[in-house]
Every structure is written in C-alpha cells, then in structure tokens.
1. With axes computed from alpha carbons, what is the tilt in degrees of helix 111-136 against the longest principal axis of the chain, rounded to the nearest 10 within 0 to 90?
2. Provide the net charge surrounding ARG157, with neighbours chosen by a C-beta distance below 12 Å and charges set as Lys +1, Arg +1, Asp -1, Glu -1.
3. For the Cα atoms of the chain, what angle does the longest principal axis make with the long axis of helix 38-50, in degrees from 0 to 90, nearest 10?
4. Positive end of the dipole of the chain, charges at C-beta (+1 Lys, Arg; -1 Asp, Glu), about the Cα centre: which of ALA124, THR71, VAL146 has its Cα farthest in that direction?
5. Averaging the inverse of every distinct alpha carbon separation and then flipping it gives the Kirkwood radius. What is it for the chain, in angstrom units?
6. May I ask for the angle, rounded to the nearest 10°, between helix 72-83 and the longest principal axis of the chain, with both axes built from Cα atoms and the value confined to 0 to 90°?
7. Using amide H atoms built in the peptide plane, which far-off residues or other-chain residues are under 5 Å from ARG65 H to H?
Amino acid sequence: MNLATLPALLLFLGEGRSGYDVRRLFQTTPIGIFSDSPGAIYPALARLERAGLLTSEAQSSGRNRRVYRRTPAGEAALNEWLKAPVSCETVERRPREIELKYVIVASHLGDAQATRFIAEAGRAFERRIAELEAARANKELTAPSVAALDLGIRLFRTRREWCREIESREDRGK
C-alpha cells in the first residue's frame, strides 16, 4: 500500500491514542506542519480503519472516545512507508517531511535504518542543489528570480548539512 505522509503519521501516532490525543500532539509538537483540524484527522483515521490498517475501541470515560491500534496490515504498511526511498517530490515540495520521517524511522525501526534513511535524504538534497544551481546559470533570469533561487539553494544546503551532521553523529555513536 502506498501511504501518504499524514496516514503514515496517523498509523505511527495512533497506536494506543485517541483522535483527540493525536490532535493535541499536532498542536503542541513540531508535527504541527499538519493541520490539527478534526475535519482532517478524524476522516483520515476512519479511512485507515476501513482499510483494515487500524482498529478502534470505544472507551467509556465520559466522552465519546475511540482508542486506535495498528493492525498487522497497518504495521506492514507503516514499515513499507518507512523503508520507501526518499522521493524527489518530497525533497522538492515538502522537505520538512524528511525531518519528521527521520524521527519516525529512528523511533520505529532503529538507528541502522535511520542512518540509511538520513544518508539517502542527504544524497537527494545534493541532487536538488545541483538542479537549482544549474537553473541559476540561466542568463535570462531576473534578479529577483536569482535571489529566490539563491534562497532555495541555501535552504537545501542547510538540510544537506543537517543530514551530514546526523550521519557523523551516528558514525561516532551519537
């Protein structure tokens, strides 16, 4: 199953949590890059349950609260997503998801897989930097376009350096 980032995140976070608990995590942690809207989270949880990737159980704690758990199929789908190659689209359009996926990979699959992932992400950022630098060589670009490209290059270089620092820490045993 080819999961998008939000469903994969919900599979990871949903283990033993309610939709409300997940919403609170979105509000109070760096994963706030995703909407904490009930209109996004609850339907996504319901879709994952219909797909057989999550199960839920109602709890009678005064509220209408459902606690979610991954099914074996959900565990397999999450692992498949975690082990998937870093996509060009993620690097180009949603690079902040790389940091999020790194944390999930490290938490769920361990240090060896996290090191593999971060090395792959670093190479993907390197390719993106080369593409942007090639585009910058276009003599027909306006000064504002060059300035915008320069910012993009700097941001990707920062992410590439972050990957190198993580790899270096992993090589030294943290």
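Quick note: the coordinates plus some simple rules give every number you see, no bench work behind them. A quick note: this is a predicted structure, and the numbers were derived from the prediction, not measured. Positions of Cβ are backbone-derived with ideal geometry, glycine not excepted, and every protein chain shown enters the neighbour counts.
1. 40
2. Values: positive: ARG128, ARG154, ARG159, ARG160, ARG164; negative: GLU126, GLU133, ASP150, GLU161.
After counting each charged neighbour, the total is +1.
3. 70
4. THR71
5. On the way: mean 1/r = 0.0558 Å⁻¹.
For the chain, inverting the mean 1/r across all distinct Cα pairs yields 17.9 Å.
6. Rounded to the nearest ten degrees, it is 10.
7. The list, which skips near neighbours in sequence, is GLN59.
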